[in-house]
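Presented below is the structure to which this report refers.
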Amino acid sequence: MPRRGVVPLRRIEDRVSRQVRLSKRRAGLLKKASELSLLCDAEVALLVFSPAGKLYEYASNRF
């Protein structure tokens, strides 16, 4: 079974590819923040600003 290799982290130069990656990663990050809050009974707040300045946020219900 092939394993995933370690991908070096570096800036994505193509603007469109960078926006697509942000969109996909943002959804996963918001989901993980929600799961962390639920599983660990933790208060979680997450703010993400896109390169265009758009704000995406998550806060657990206790805030």
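Just so it is clear, none of the values below were taken in a lab; they were calculated from the coordinates. Just so you know, these numbers come straight off a predicted model, no measurement behind them. Note: ideal-geometry Cβ built from the backbone for every residue, glycine included; neighbour counts use all protein chains shown.
Observations
- Extension gain for the segment R21 to C40, taken as residue separation times 0.36 nm less the Cα-Cα distance, is 4.1 nm to one decimal.
- Summarised in one figure, the compactness ratio Rg/Rh of segment 15-59, Cα atoms and Kirkwood Rh, is 1.05.
- Spin-label model, V7 to L29: label points 7 Å out along the Cα-to-beta-carbon direction sit 1.4 nm apart.
- Computed from Cα positions, the angle between helix 15-40 and the longest principal axis of the chain comes to roughly 30 degrees.
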